[in-house]
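Accompanying notes for the structure given below.
The values are calculated or read from the model by the stated rules, or taken from the named source; none is laboratory data. Values in this document were obtained by computation on a predicted structure and should not be read as measured data. No Cβ is skipped: glycine too gets one built from the backbone with ideal geometry, and neighbour counts run over all protein chains shown. Areas reflect the complete protein model, heavy atoms only, side chains present, ligands, DNA and RNA absent. Shrake-Rupley method; radii C 1.70, N 1.55, O 1.52, S 1.80 Å.
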Amino acid sequence: MTVFYIVIQQIVNGLILGSFYSLIALGYSMVYGIIKLLNFAHGDIYMVGAFVGYGALGIFGSVLGVGWLGIAVALLISMFLVGLLGMLVHRLAYQPLINKQAPRMSLLITAVGVSFTLFNGVMVLTNGEYKTFSTSLGYEGISLGLVNITYTQIIMVVATAILMLALYWFINRTMYGKAMRAIALDQDACRLMGINVTKTISLTFFVGSALAAAAGVMAGVYYGSIQFYMGFVIGLKAFTAAVIGGIGSIPGAMIGGLVLGLLETAGTQLPFIGSAWKDVFSFGILILLLVFKPTGIFGKSEIERM
Amino acid sequence: MSENALVLRNLETYYGKIHALKGVSLEVPRGKIVTLLGSNGAGKSTTLKTISGLIQASSGTIEFYGKNISREKAHNIVSMGLIHVPEGRRIFKDLTVKENLELGGFTLKDEALRRKGIEHVFEVFPRLKDRQRQSGGTLSGGEQQMLAIGRAMMTEPKLLLLDEPSMGLAPLIVQDIMRIIKQLNDEGTTILLVEQNAKIALKLADYGYVLETGELVMEGDSAKLREDERIIKAYLGE
C-alpha cells in the first residue's frame with residue numbers, strides 16, 4: 001500500500017515539475033518550428049521572468065498582498081514585460097541575421113551570446129545573490145492517506161493547464177495563430193497571403209517568452225528562491241522535453257514536458273538509484289527514445305542538419 | 001483608351017549574381033488576360049516574383065493602377081489587391097483546406113468577410129467544400145491548384161498573377177482550371193498568366209509576350225501569336 005501512495009505522490013510531483021518544463025519547452029518548440037532556431041537564450045528568459053515576477057511582487061505585494069491575488073498580478077506583469085523582452089531580443093539579435101540570410105549556425109551562436117548577456121546581466125544586477133520569494137501561501141492542502149497535495153501544487157497545475165488551453169485556442173482559432181503555423185510551413189507563401197512574416201515571428205517570441213516567464217514566476221513561488229543561474233539546467237531540460245515531444249510540435253512540447261517531469265521524479269524513487277542520478281536516468285531515457293524514434297513523439301520525419 | 005492594371009518599365013532583377021531580368025517592359029490592361037510565355041528558365045517566375053515583391057528589382061518600375069510599387073513589401077502589395085498564385089501551388093499542407101482559405105483572406109477586416117469569401121470559393125469549387133476539414137496535403141494535384149486559386153479569390157483581387165496553373169495536371173483538369181480562370185476574368189479580374197503550355201495560354205489570353213533569357217523577344221495579340229511561325233516552332237511544337 002505504501003508503494004501505491006509513493007507512486008501517486010511522485011506522479012503529482014512529476015506533474016508539477018513537468019508543467020514547468022512544458023511551459024518552457026513550448027517557447028523552444030514554437031521558435032524552432034517557425035525559424036529553425038534552437039533559442040538557447042530561452043532558459044535565461046525563464047530566469048528573467050522569475051526576477052521580474054519577484055520585482056513585481058515586491059512592488060504590488062504591499063498593496064495586493066503576497067497571496068494569490070498579488071502573485072497572479074506579478075505573473076501577468078512578468079509575462080507581459082518578458083514577452084516584450086523576447087520581442088526585443090528577436091528584433092535586435094536574430095532578425096538582422098535572418099534578413100541577411102545568415103547561416104543557421106550564426107543564429108545559434110548569437111543565441112548563446114544572448115544567453116550569456118542575460119545571465120551575466122542579471123548576475124551583475126542582483127550581485128549574484130539568491131532572492132527569496134516571500135509569499136503567504138502555506139502548506140495546506142488535501143491529504144488522501146499518505147498522499148499530500150498542497151493547494152499551491154493544485155493551483156500551479158491548473159494555471160499551467162489554463163495557459164496551455166489559451167495557447168491552443170490562440171494557435172488554432174485566431175488568424176495570427178494560424179499565420180504562425182503557416183509560417184512554419186512556407187514563409188514565402190505567407191507573404192503572398194499578405195502576412196507580415198517578421199511581425200508574426202516577433203509575436204511568436206512574445207508568446208513563447210511570456211510562457212517561459214510564467215514558468216519562472218511559478219517556479220519562484222514553488223521553490224521559494226531564485227538565482228541568476230536557475231535558467232541554465234532547466235533550459236536544457238526543456239529543450240530535452242521539446243525533443244522528446246518532437247521539436248516544432250506544440251502538443252509535443254506539452255506532452256514532452258510532462259513525460260520528462262514524470263521520468264525525472266520516477267528516477268529519484270527507483271531502488272539503488274538515488275536522486276543524484278535522476279538526470280542520468282532521464283537523459284538515458286531520452287537517448288533510448290531518440291534511438292528508436294528520432295523525431296520524438298509527435299515529430300514528423302524530415303531531414304535536418306544543425 | 002483602357003486603363004492599365006499593371007505596367008512594368010525596364011525591370012531588372014538579379015538572382016544573386018545571375019542577371020535574371022534584363023529590362024522587361026510590359027502592360028496588362030484592366031479587365032484583360034495577358035500571358036507571358038517562355039521556356040524553362042526564361043525568367044517568367046522571376047518576373048512574377050518581382051511584381052509581387054518576393055524579390056526586389058534592382059532597377060525599373062512596377063506600376064499597379066498608376067502607383068509605383070517596386071519598393072513595397074510583399075505583404076503590403078497583397079492588401080492593395082494584387083495576388084500572386086505561385087508556381088507549384090504552395091498550399092499549406094499541414095493546414096486544413098478551410099484554414100488555407102482563411103489565410104488567403106488574412107488581410108480581410110473581419111470574420112464575416114472571410115466566411116463570405118469561403119462560401120464564394122465553395123460555390124466555384126464544390127469539391128473543396130467536401131474536403132474543407134481535410135489537410136491540404138491530402139488533396140490531389142488538381143484540387144491543390146483549385147485551393148491555390150480559391151485562396152487567391154478570397155480578397156477579390158484587382159489583379160491576379162498565375163504561375164503555371166496547368167503544371168503537372170491531367171488534360172481534363174487543365175480544361176477545368178482554364179474554365180475557372182476565364183470565369184474569374186469575366187467577373188472582372190485582370191489576369192497575368194505565366195504558362196509553359198503556350199497552346200492553352202494563347203487560347204485564353206487577349207495578348208501575349210514571349211520571354212527568352214530575361215528579355216522580351218516578341219509580343220502581340222493572341223490570335224496573331226498563334227499564327228506566328230516562330231511561336232509555332234518554339235512553343236506550340238508540331
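The table that follows gives values for the structure above.
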quantity	calculated
Test result for A:S225, of a type in the set (S, T, Y) and out of contact with any Phe, Trp or Tyr (no Cβ under 7 Å at 6 or more places or on another chain)	no
Leading residue by the ranking (farthest from the chain's Cα centre (by Cα)) among those in region B:1-18 that are in a strand (DSSP E or B) and surrounded by fewer than 14 Cβ atoms within 10 Å (Cβ to Cβ)	B:I18
Any hit, region B:47-57, residues being away from chain A (no Cβ under 14 Å), open to solvent by 30 Å² or more (accessible area, probe 1.4 Å) and among the β-branched types (V, I, T)	no
Filtered residues of region A:1-42 (kept if aliphatic (A, V, I, L, M) and either in contact with an Asp or Glu (Cβ under 9 Å, 6 or more places away or on another chain) or open to solvent by 30 Å² or more (accessible area, probe 1.4 Å) (or both))	A:M1, A:V3, A:I6, A:V7, A:I8, A:I11, A:L15, A:L17
Every residue from region A:53-82 that is aliphatic (A, V, I, L, M), more than 28 Å from A:G252 (Cα to Cα) and either under 18 Å from the mean Cα position of the chain (by Cα) or in a helix (DSSP H, G or I) (or both)	A:A56, A:L57, A:I59, A:V63, A:L64, A:L69, A:I71, A:V73, A:A74
Within region B:100-110, tally of residues that are part of a loop (DSSP other than H, G, I, E, B), touching a Gly at 6+ places or on another chain (Cβ under 9 Å) and more than 7 Å from chain A (Cβ to nearest Cβ)	2
Subset of region A:79-98 that is of a type outside the set (A, V, I, L, M, F, W, C) and crowded, with 19+ Cβ neighbours inside 10 Å - its residue that is nearest to A:I201 (Cα to Cα)	A:H90
Selection count, region B:26-46, where residues are open to solvent by less than 30 Å² (accessible area, probe 1.4 Å), on the phi > 0 side of the Ramachandran plot and touching a Gly at 6+ places or on another chain (Cβ under 7 Å)	1
Any helices (runs of 4 or more DSSP H) falling wholly within region A:121-228 and containing at least 2 residues that are under 16 Å from the mean Cα position of the chain (by Cα) and more than 14 Å from every other protein chain (Cβ to nearest Cβ)	A:151-173, A:197-223
Selection within region B:205-224 - of a type in the set (A, V, I, L, M) and in contact (Cβ under 8 Å) with a residue 60 or more places away in the chain	B:A205, B:V210, B:L211, B:L216
Verdict on A:G246 being modelled with pLDDT under 95, in contact with a helix residue (DSSP H, G or I) (Cβ under 7 Å, 6 or more places away or on another chain), more than 30 Å from B:E72 (Cα to Cα) and within 14 Å of chain B (Cβ to nearest Cβ)	yes
All positions within region B:77-99 that are facing chain A (nearest Cβ under 8 Å) and open to solvent by 30 Å² or more (accessible area, probe 1.4 Å)	B:S79, B:R90, B:K93, B:D94
Test: residue in region B:113-134 that is within 14 Å of chain A (Cβ to nearest Cβ), in a loop (DSSP other than H, G, I, E, B) and closer than 25 Å to B:L54 by Cα	no
Region A:126-141, residues that are under 13 Å from A:I226 (Cβ atoms), at pLDDT 85 or above and open to solvent by 50 Å² or more (accessible area, probe 1.4 Å)	A:E129, A:Y130, A:T132
Residue in region A:61-73 that is at pLDDT 95 or above, open to solvent by less than 20 Å² (accessible area, probe 1.4 Å) and in contact with a helix residue (DSSP H, G or I) (Cβ under 6 Å, 6 or more places away or on another chain) present	no
Contacts under 6 angstrom Cβ, first residue in region B:150-176 being over 17 Å from B:G104 (Cα atoms), partner part of a loop (DSSP other than H, G, I, E, B), 6 or more apart	B:E164/B:E87; B:S166/B:N197; B:V174/B:S166
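Matching residues to (1) more than 22 Å from A:Q227 (Cα to Cα); (2) in contact (Cβ under 8 Å) with a residue 60 or more places away in the chain:
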| position | (1), (2) |
| --- | --- |
| A:L15 | yes, yes |
| A:L23 | no, yes |
| A:G43 | no, yes |
| A:Q101 | yes, no |
| A:I109 | yes, no |
